[in-house]
Every structure is written in C-alpha cells, then in structure tokens.
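Scroll down for the structure; my scribbles are underneath it.
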Amino acid sequence: MEHMASRLICLIFALVGVSGFAGAGFYRMEKRSDGWTVLDPAGRAELLLGVDQVKWDGMPCERMGWRRPYEEHNAAHYASRKEWEDETLSRLKSWGFNMLGACCDDSLRHRGLAHSIFLNMSEGFCMGDDDRWISEYKGVPNTAMPNVFHPDYTAHCDAVAREMCSASRNDADLLGYYIDNELVWQGMRGASLDGGLFDAVRGKGEGHSARRALMEFLRERNIDSWAAFDALPDERQKEIKAEFLDLSAERYFSITTAAIRRHDPNHLILGCRFAGLDGAPLAVWKAAGRFCDVLTFNCYPWADIDRNVVLDVKGGTSLVSRLADLYALTGKPLLVTEWSFPALDTGRPCLNGAGQRFETQAERVRAASLFARTLLSLPYVLGYSYFMWVDQPALGTNGEKPEDSNYGLVSEEGVPYAGLTDMFARLHAEVRGGAMRPAMPQESAAPPPQSRSTADAFRSAAAGDGADVRFSRDGDRWEISNAAGLSLRGRLGGADMVGEVSVDSTSYGRYTGMVQLVAQNGDVFWAMPECVTAVDHGRSGVCGTIRFTATGRAAGFSFSLEHCMTVAPDRTDFLCEIVGVENTGRSAFSIRRLYMCPFAAEARPVVLKGVPNLWKGIRECSWRMSGGRLYGMASSDPSAQWFNLWIDADGRQHPDIDFAPETDFLLSPGERYSPKSPMSARAILRLAE
C-alpha cells in the first residue's frame, strides 16, 4: 500500500504540474544538520542499499561455448521466470536491500525497490570514426573517452536523453541516471591522470576536432606552435594541461547534464561512476560536483580485519580520509556503486577481477561488514550497491575480461552465502528508514598477529645434506651456484643486478630492482639502476648470500639500491630481499614503492597469475616460457603489494613485484631508508607440470 501511495503522489504532481514542485513525488536529496539523506517519493528518509547485476541469466562463459550456468540452473529449478523473480525480490527485501543497482533485469522494476538507468551516453559515441573519441570503446569498462569537442557530441547526448529520459520522467520508482561508466579520464590507459588527456589529444592527427580545439585553446594563451609549448617551463606546461582538463570536464558534464535536464527535470543525476578513487583527476571530480546531484564511483578497497580499518589500497591511507577530502572538494554526497570481497573456498579461482581476496567466507563477511559499516557511518555517503547478485563462472567470463570470482550473494546453484546475507540483514535492519547510521568502526589498538616472513621461511627450510653453495669471481664477473643446478651470474658495472638466472645451463631470465620516486611537486618517476657498483659475497647458515649495490638516476634525482640474494645448497629457487635505498643526489624525494624485477629470457612469455590481493596469503605470479620454464616471484610478507607481470603494446616486459614502505616518507640528500618490516620474495624457477 505504501508503494501504491508513493506512485499516486507522483502521478498527482505530474498531472498538476505546479511550478516549484520539480522533483516532488520523486526520489530527492536533502541536506540536514547531521548530513545528507535521500527522501523517497513519500518523503521518508532512506539510505540507498542496492545490489548490482540481479539477472535471471547470470554471466556467460566463453570457454563453455557461451553457456550461462546460472540461467541453466534457473531454467531447471523454477517453473517460470516469474517464480524466480518473486523469490529473488523476496530475498533482497528480507536482507534489507531497497534498491536495484546497475545492470539488473528490467522485469524486476516497479515491485518495491528503487532502480536507476544507465544512459551510457559516451560508449556508443566512442566507436567507428576516430574523430569521435579520445580513447576508443573496446566493449569493456575503462576503455572509452569521448571527444567532447566533436560537433555532433551535443546532439548525440540530446538524442540519448530524449530516447531514454523522456519515457521515464514520471517514474516514481526511478532514483536517477548514470551518465556513463568508468571513462578513461587520463585519455589513455596507464597515462598520467593530470596530463594524460592533454597528451592523448596532442597525439591525434591535425584534422581531429579535439586536436583543433586544443590548438585554439593554446592560441588563446599566445602559444602558436608545439615548439613554443615545449619551450615553456615545466610548471607552466603542467598548468596549461590542467586548464585543458578543466575545459574538457566542464564541457562533458555541462553537455550531458543539460541533455538529461531538458528531457527529465524530475530525477537525480548520479554522475558517471568513476573507476575508483583515482579513476579521475581531482579537477574532474570537482567539475562533476558542479553539475551532478550525486558523485558515484566503484570502489574495491583494502579491509584490514586485524586493525578493523579500511584503507584505500593495501598499504595505503585511510579510506575515510580519502572520502572526506573528496566531499570537501565537491560538496556533493557520495554513492559507492560497486564493491565486493571474494573468498577462495567456493571453487572459484578468483584470479581475475577487482577486489581484495580472502581465504574463507568467514573472513569475507568480516571484511564486508567492516566496509559497509564504515561507509554508512559517514554523513555524506548516501549508501552503496554491492557487486553482485550471483557468482561468476569458475572458468571465467570471456577472453577480453575473464573474471572468475566469488562476488555473489548467491552461488550459480542459487544458494545464498548465509553468513554474508545474514550480516546484511542485521546491518540493514539497524539503519532501516535512514534515521540511524551505524557507529564508525573503531580501529583496534592491539597489534596484528605476527607471521613468519618469506625470508625466515626460506632460510628455515634450507638444508645442507653435504652440498655447498659455490661463489667465484673473475675480474668484474661473478657467479654463485649450487648442487641443484641453480646459477646466478653478473658483472660489476653491469646494468642488471643479476645478468642471467639459469638452471642446468638453461636460461630463465635476469633480475634487477626499481624504485618509485615522488618529487616534492608531486611528479612520479619509476627508475631502475644503471650500474652495479658493489657485489659482496657472504654466508647465512648453510646458504650463500650475495649483496648488490646499484646506482641510478631519474629526472635529476640520484639514488642507490641494495638488494640481497640468498642461495640454498639444495634448491633451484632463491631468496630476494630489498635491503635499502639511499638518496645520493642533491634534491629530496619521497619513496612510495620499491620493486623486484624478474625479466624473462624470452621476449613474449605467457603470464601465469596467482590470486591477487589476497589477505595474508602468498602473492605469486610467473612468466611461462618454452619448454615449460616458469620464472616468477612469491611472497607472504605484509609489505608485498601488487605482483604484476605484463607486456606493453610495444612488446616491453614489465615485471612489477611491488613492495610498500610503512608510509611515504621524504628522503633528504645523504639519507638512507632500510625497511622496518621484511621486503622479501622467493624467486620461482621450475618446469611447469
């Protein structure tokens, strides 16, 4: 009856059309002394509690011939599709959800839950003629960026809004519209957030309409050639790039939101679902705040369930502080439109897709509860949409985006994960009606349980059995080897710490280090050493060790890195440790990340990934080469972050084995940093089974 009453209110206001009632009888927002709230069509306060991808058919699996396991289960289990719909809606409501998130079946609408509409204004524009896009839409999120300077972009957005918004302007159950999803605001994937859009447009042909707009933009600043631009001081170039980004964001949001408002003045504009907290430069967030009612973003953070605190990323900063900064910048409330925490105990590999992983459902529930309570405690957060209704296929979705993770509230057999759904039911009962937000979870004062480092585990497992580790040196060349056939070779003065890693005279690759430096103006540089200046041999129990010092430079900064290798007498794997980094230059810089870099012996090896972002698990990945050779790294150290092997479009290998210091810190000239917690990994050398 309440649902029917809210629709009647909407109909009355739509028929009467009294001036000043735009939005009355529809979902709207209200800023109160204790924060923002959403009012439903009947004027009741609510927090938005949604689920994404609530669909009868689930996700397809390319490796199964595009079959859909969840749809096959439903077709066999339910007498009709309506029976599935009735049970699904009943489940969602019993667990306290009040909203259908993104990409849900239309047949579930107008049955007691709010819904939203994806306009995808830009994806369809970013195809075909390359004058229409800065980054082409490849059929998956985080690939498209429209050319907002194209003469047809305004008309295109108006046509989309006319078709999709006009028909929904009187829909009382509609929360609002998402303009787009995960656009590439840096112009091209992997580019700088702040300058990438400018650089991408600069790289277009002279006849490209965005390139022409950029040249006019420069002429307005008395810059009539690229030579004149390149001659400007670096700081002025950065300012100009930022101004062009501001202009582009202003055009995007002004054009898209004006089109929506023309055809539907009654519903909320829900932003464009940024791809994470760093999915767009701050200038774009600010522009979104000027034109949108709500700022939406997909967020897969790091839940430290020992400390009872949520970080933006593993080893990162407080999620709450990041959200507070975004709210202060934009002044608009926030809505998280995707989040999830998969676990490994369901048969899903969880190798692909975003998010922190856990070993068990019990840990998954703890993480989900921590994150949900943290979000809902914030007065400027309107709620969230959980990703997603049903698990992905164990064999993955498709080759372009082969996700295979335990994201679901239910399995592909339709069985709810009771611990997770019970947690949501209890939490949502606490906040029902939006009148009561949960208390902010308190960070634990107790130190987290200590686990043995990868280095300690390696040394403890090493055995002599009468074998020995041999070290030899001939001039500037050296070698360390053992009875198992492992050999590490290098050269004093060489660029690589280890020039060749081999087993039984078969090469697996080479090894060096890398450092991420941050200048005091915020510029970020990744730099490898250029010259090995010292090689020292020693012993650790039955093992042999070799310590390297290597120097390098980046953008005027100079540094030295120290790494240590440990070789056991009886093993073909070996231990790598980051010992320290020193500022050997004249300018201070911050250290954000330190890296181990195992390069494969072959130009284009295959990447074998371990489970990414696993809570207290072993992070692992390997190159696979001909003959079944595997060369990679594995670590369980808390400092170990992203283990990411990849090959770029130019065929260059990027073996990024990433370790995080305890916090970013400034390293003054002459100062040295030594890790306070171990930064160690086991180098994997073996033949694939």
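Every number here is computed from the coordinates shown, using simple stated rules; none is lab data. Since this is a predicted model, take the numbers as computed values, not measurements. Neighbour counts run over all protein chains shown; Cβ positions are idealised from the backbone, glycine included.
With angles folded into 0 to 90 degrees, how steeply does helix 2-16 sit against the dominant principal axis of the chain? Use alpha carbons for both and round to 10.
Long axis of 2-16 versus the principal axis of the chain: about 70 degrees.
Straight distance only, please: which lysines reach the Cα of LYS238 with their own Cα at less than 20 Å, same-chain residues fewer than 8 apart left out?
LYS204, LYS286
Which whole-angstrom value gives the distance between the alpha carbon centres of the stretch 504-572 and the stretch 56-85?
Centre-to-centre distance over Cα atoms comes out at 52 Å.
Rounded to the nearest 20 debye, what is the charge dipole size of the stretch 335-419 about its Cα centre when +1 sits on each Lys and Arg Cβ and -1 on each Asp and Glu Cβ?
340
Which of the peptides 358-368, 262-272, 650-660 is most tightly packed, and how do the rest follow, going by the mean number of other Cβ atoms within 10 Å of each residue? List each step's numbers first, then the result.
Working: 358-368: 20.0, 262-272: 21.8, 650-660: 17.9.
By packing density, highest mean first, the sequence is 262-272, 358-368, 650-660.
Just from its helices, what would the mean residue ellipticity at 222 nm be for the chain, if runs of 4 or more DSSP H residues each count -39500 (n - 2.57) and the sum is divided by every residue, rounded to the nearest 500 deg cm²/dmol?
Mean residue ellipticity at 222 nm (helix-derived): -7500 deg cm²/dmol.
Round to the nearest 10 and give me the degree value, 0 to 90, for the angle of helix 81-94's Cα axis relative to the longest principal axis of the chain.
That helix lies at roughly 80 degrees to the long axis.
Can you flag which of LYS55/LYS241; LYS138/LYS241; LYS138/LYS609 are past 31 Å Cα-Cα?
LYS55/LYS241
Relative to the longest principal axis of the chain, what angle (0 to 90°, nearest 10) does the C-alpha long axis of helix 153-164 take?
Relative to the chain, helix 153-164 is tipped by roughly 60 degrees.
Do you know the relative contact order of the stretch 540-654, to the nearest whole percent, from alpha carbon pairs under 8 angstrom that are 6+ apart?
Once normalised by length, the contact order is 16 percent.
Relative contact order, percent, of the stretch 454-687 when contacts are C-alpha pairs under 8 Å separated by at least 6 residues? Each step should come with its number before you reach the end.
Values: 664 pairs, mean separation 44.4, N = 234.
After rounding, I find 19 percent.
Using only C-alpha positions, report the orientation-averaged shadow area of the convex hull of the chain, nm², one decimal.
The orientation-averaged projected area of the Cα hull of the chain comes to 34.0 nm².
Indicate the gyration tensor shape class of the stretch 410-557 (rounded, prolate or oblate), computed on the Cα atoms with a ≥ b ≥ c the square roots of the eigenvalues: a/c under 1.5 is rounded; otherwise a/b larger than b/c is prolate and the rest oblate.
prolate
Starting from the Cα of LYS616, draw a straight line to each of the lysines and keep only those under 16 Å, dropping any in the same chain fewer than 8 residues away.
Within the straight-line limit of under 16 Å, LYS616 reaches these lysines: LYS314.
Restricting to Cα pairs below 8 Å that are 6+ residues apart, what does the relative contact order work out to for the chain? Please round to a whole percent.
Here the relative contact order equals 10 percent.
Just rank TYR595, TYR508, fewest to most, by other beta-carbon atoms within 10 angstrom.
Fewest to most other Cβ atoms nearby, the residues stand as TYR595, TYR508.
Find the percent of Cα-Cα distances in the stretch 454-687 that exceed 29 Å, and round it to a whole number.
24
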